[in-house]
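The values are calculated or read from the model by the stated rules, or taken from the named source; none is laboratory data. Note that this is a predicted model, so its numbers are computed, not measured. Please note: Cβ atoms are built from the backbone with ideal geometry, for glycine as well, and neighbour counts cover all protein chains shown. Ligands, DNA and RNA are stripped out before the accessible areas are found, and what is left, the full protein with its side chains, is counted by its heavy atoms. Shrake-Rupley method; radii C 1.70, N 1.55, O 1.52, S 1.80 Å.
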Amino acid sequence: MCGIVGYVGRQTAAPILLEGLRRLEYRGYDSAGVAVLSGSEMQLRKKKGKIDEGLAKSLQAQPLAGQLGIGHTRWATHGPPSDENSHPHLDQSGRMAVVHNGVIENFDRIKERLMEAGHTFRSATDTEVLAHLIGDHYEKLKGDQSEASVRLTQAVLSALREVIGTYGIAVVCTDAPGIIVGARRGSPLIVGLGQNENFLASDVNAVVAHTQQVVYLNDYDVVTMTADRFDVASLGADTAKVQISQVEFSPEAAERGKFPHFMLKEIFEQPATVRNALRGRIDSDEATAKFGGLNMSMAELREVDQIVLTACGTSWHAALVGEYLLEDFAHIPVEVEYASEFRYRHAPLEKHTLVVAITQSGETADTLAGLREAKRRGHKALAICNVVGSTIAREADGGIYLHAGPEIGVASTKAFTSQVTVLTLFALLMGRLRMLPVRRGMEIIRALEAGPGQLESILQQNERIKRIAQKYARAQNFFFLGRQHGFPVALEGALKLKEISYIHAEGYPAAEMKHGPIALIDPNTPSVVLIPSDSMYEKTLSNLEVVRARNGPVIAIATEGNATIAKQADDVIYVPPTLEPIFPLLAVVPLQLLAYHVAIERGCDVDKPRNLAKSVTVE
Ligand code: M6R
């Protein structure tokens with residue numbers, strides 16, 4: 001949801017900014033721009049469209065000199081994608097430039113006031129208003145005898161005190177050509193620490209090729225950065241707490257490598273990422289799971305009498321898998337809440353309700369708000385999160401990291417299987433604290449341990465799945481049907497297909513079809529039916545037959561060894577046999593590959609699907 005980057009050092013800034021923006025492009029790709037200072041000259045370049053279509057070409061044709069600059073890749077909120085609405089935005093004087101990730105909610109009122117004072121605006125954005133506001137405060141400090149760099153930081157601090165909303169910003173000014181000022185509230189921002197150079201970015205991906213040392217800024221922090229030092233002040237009451245952290249992944253982990261798309265790379269990483277999610281967390285002696293960071297005693301976990309799982313998108317589907325697992329293994333009542341609803345709903349919670357926020361990025365605005373709401377109401381709030389040092393990871397009372405490495409494809413894949421793995425372990429722990437027998441605990445552990453190898457065998461069917469995808473790629477509607485543990489996978493399969501191929505797809509409980517949606521079945525509407533050889537097999541088979549009886553094509557996701565299904569479905573993709581509750585971990589992978597190949601066949605840009613951004617840091 002917009003990516004920002006800043007560089008100050010001894011090297012030419014523009015290529016570093018461009019490279020950083022490319023690594024942040026998953027956050028938004030409606031337009032991109034940079035502002036580079038050369039001496040006291042402000043050089044601005046901004047273009048509508050993806051980085052390589054606009055900004056990169058422009059910088060190649062006319063390179064920019066200068067060793068300090070800021071850049072931005074945009075996911076439009078205020079004003080459509082256009083050159084004018086692209087960031088950076090200048091203040092009234094033209095000497096100050098600002099990039100911004102977030103939403104300034106009271107921008108209209110501020111804009112009116114500034115217009116009355118003679119300001120003119122070129123864009124429809126809230127960010128330009130913020131740039132003018134900072135510029136206005138800076139002008140008012142002019143009588144002050146302090147240096148321009150001090151005044152710039154002061155102007156940012158005082159302007160932000162007027163602002164309602166969320167922001168991660170970077171500001172440069174020609175009067176102070178050696179500094180960048182950054183600030184955050186609700187949108188992520190990190191400082192990358194180099195030798196005679198420093199970086200500012202929305203996330204570590206943008207800087208990891210240059211430095212492994214970072215500072216995760218907190219909300220209300222305002223950082224002033226030169227090539228040799230950085231100082232952090234706080235807009236809040238507290239003094240800023242600064243901690244230098246080491247990035248836990250290598251620069252190569254954020255590269256596409258031999259794969260044509262990040263999404264495909266991340267699908268193929270799943271045997272390894274599931275292994276990482278399991279590593280060190282299995283206690284075979286006690287047939288249970290163990291976690292380092294829950295920050296809850298076994299007695300406290302034993303007391304939990306309700307669990308709320310809150311999340312958005314794919315993480316919400318993982319939460320739904322978690323609901324089935326926790327209820328099955330631990331018999332604890334579970335509510336799965338869309339974070340955007342939970343944050344405003346006055347859902348009655350039990351005294352010992354545990355709230356678990358599930359999120360890949362750890363920055364999703366709604367999920368963060370849900371977590372804060374749970375804490376405000378005095379509940380323990382844990383996070384299941386991938387990005388180390390993210391806001392949700394830091395604000396939770398405790399949690400479980402996925403250790404899946406950076407997920408760059410906008411369509412979430414490996415995060416889902418890691419979330420499901422971790423939720424299975426957590427449900428196992430909660431079950432073993434209650435009445436789940438040792439024997440069942442060991443069966444679950446063995447099934448989980450077999451998971452990575454089984455995922456490898458599913459991935460070997462890639463070419464076959466591609467052929468099936470090509471056969472159905474022109475369909476305009478799809479159904480995904482599943483029952484019990486298969487139902488959340490059906491929802492996830494439908495989401496994957498619609499977000500990257502733009503085909504309308506619906507996920508449904510297989511038996512619910514007959515209550516209305518079946519009216520939509522016709523020979524051009526394929527249904528992907530999740531039909532493992534489990535306790536629901538016969539019932540799911542009747543649901544499948546009902547679709548076939550209306551001439552609807554069926555792609556079955558079935559268990560290896562089920563030869564008869566080939567007669568009842570038009571196409572079959574097999575997954576290895578496993579326990580019923582472990583089925584989602586395996587079954588989602590063919591659906592990810594199906595969506596990927598359908599999207600490729602339709603000529604879609606799978607890593608940058610239209611209208612989307614990876615990390616949704618606005619409401
Ligand atoms: O980072 P999060 O897991 O909190 O993100 C939640 C959703 O925005 C995300 O899963 C989204 O739905 C993906 N595009 C799905 O592929």
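Which of the GluC sites (Glu not before Pro) across segment 282-329 are loop residues per DSSP, with 14 or fewer other Cβ within 10 Å?
When the GluC sites (Glu not before Pro) of segment 282-329 are filtered for loop state and at most 14 Cβ neighbours within 10 Å, Glu286 remain.
Rounded to the nearest 10 degrees, what's the angle between the helix 107-116 long axis and the longest principal axis of the chain, both from Cα atoms, 0 to 90?
That works out to roughly 20 degrees.
Heavy atoms only, 1.4 Å probe, whole protein assembly: order Tyr596, Tyr344, Tyr216 by accessible area, highest first.
Tyr344, Tyr216, Tyr596
On a 0 to 90° scale, report how tilted helix 313-330 is relative to the longest principal axis of the chain, with both axes built from alpha carbons and the result rounded to the nearest 10.
50
Between Glu53 and Tyr537, with labels modelled 7 Å along Cα→Cβ, what's the label distance in nm to one decimal, could you check?
4.9
How much accessible area does Glu84 have with a 1.4 Å probe, in Å² rounded to the nearest 10?
Around 100 Å² of this residue is reachable by solvent.
With every protein chain kept in place and ligands, DNA and RNA left out, what is the accessible area per residue of the chain? Probe 1.4 Å, answer in Å².
I get 37 Å² per residue for this part.
Please calculate the 1.4 Å probe accessible area of Glu341, with all protein chains present, and give it to the nearest 10 Å².
About 110 Å², rounded to the nearest 10.
Express in Å², to the nearest 10, the accessible area of Phe249 obtained by rolling a 1.4 Å probe over the protein heavy atoms while all chains stay in place.
40
Run the accessible area of the chain with a 1.4 Å probe and give the carbon-and-sulfur part as a rounded percent.
Of all accessible area on the chain, carbon and sulfur atoms account for 48 percent.
Quick one: length gained pulling Asp231 to Met435 fully straight, 0.36 nm per residue minus the C-alpha distance? Could the numbers behind the result be given before it?
Numbers: separation 204, 0.36 × 204 = 73.44 nm, distance 5.33 nm.
Length gained, Asp231 through Met435: 68.1 nm.
If you rank Asp219, Asp91, Asp83 by how much accessible surface each has, with a 1.4 Å probe, what is the order from largest down?
Listed by decreasing accessible area, they come as Asp83, Asp219, Asp91.
By the gyration tensor of its Cα atoms, with a ≥ b ≥ c the square roots of the eigenvalues, what is the shape of segment 3-247: rounded for a/c under 1.5, prolate for a/b over b/c, or oblate? Present the calculation step by step, with values, prior to reporting the outcome.
Details: a/c = 1.34, a/b = 1.07, b/c = 1.25.
Verdict is rounded for segment 3-247.
Check each of the trypsin sites (Lys or Arg not before Pro) in segment 107-167 and keep only those in coil by DSSP with at most 16 other C-beta atoms within 10 angstrom; list them in order.
Taking segment 107-167 and a limit of 16 other Cβ atoms within 10 Å, the loop trypsin sites (Lys or Arg not before Pro) found are Arg122, Lys142.
For the chain, what is the largest minus smallest coordinate of the Cα atoms on each principal axis, given in angstrom and ordered from greatest to least?
82, 55, 43
What is the extension gain from Ala566 to Glu512, computed as 0.36 nm multiplied by their sequence separation minus the C-alpha to C-alpha distance, in nm to one decimal?
Computed gain between Ala566 and Glu512 is 17.1 nm.
Would you mind pulling out the separation of the Cα centroids of segment 510-565 and segment 332-373, in Å?
What the calculation gives is 33 Å, centre to centre.
Which shape class, rounded, prolate or oblate, goes with segment 79-208 when its Cα gyration tensor gives a ≥ b ≥ c as root eigenvalues, a/c under 1.5 marks rounded, and past that a/b bigger than b/c marks prolate?
Cα axes put segment 79-208 in the oblate bin.
With N set to the residue count of segment 461-619, report its C-alpha Rg divided by 2.2 N^0.38 Å to two decimal places.
This ratio for segment 461-619 stands at 0.99.
Which log10 I(q)/I(0) values does segment 270-372 give at q = 0.13 Å⁻¹ under the Debye formula, counting every alpha carbon as one identical point scatterer?
One equal scatterer on each Cα of segment 270-372 leads to -0.53.
As an exercise, identify the trypsin sites (Lys or Arg not before Pro) in segment 253-319 lying in DSSP coil whose Cβ has no more than 11 other Cβ atoms within 10 Å.
When the trypsin sites (Lys or Arg not before Pro) of segment 253-319 are filtered for loop state and at most 11 Cβ neighbours within 10 Å, Lys258, Arg279 remain.
Largest first, what is the accessible-area ranking of His504, His515, His89 with a 1.4 Å probe?
His515, His504, His89
With each pseudo-label sitting 7 Å past Cα toward Cβ, what's the Glu463-Gln60 distance in nm, one decimal?
Distance between the two pseudo-spin positions: 3.5 nm.
Gap in Å between the Cα centre of segment 88-135 and the Cα centre of segment 209-252?
26
Label segment 255-456 by shape, choosing from rounded, prolate and oblate, from the square roots a ≥ b ≥ c of the eigenvalues of the Cα gyration tensor; if a/c is under 1.5 it is rounded, and otherwise prolate applies when a/b is larger than b/c, oblate when it is not.
It comes out oblate by the Cα gyration axes.
Quick one: angle between helix 583-601 and the longest Cα principal axis of the chain, in degrees between 0 and 90, rounded to 10, please.
Relative to the chain, helix 583-601 is tipped by roughly 60 degrees.
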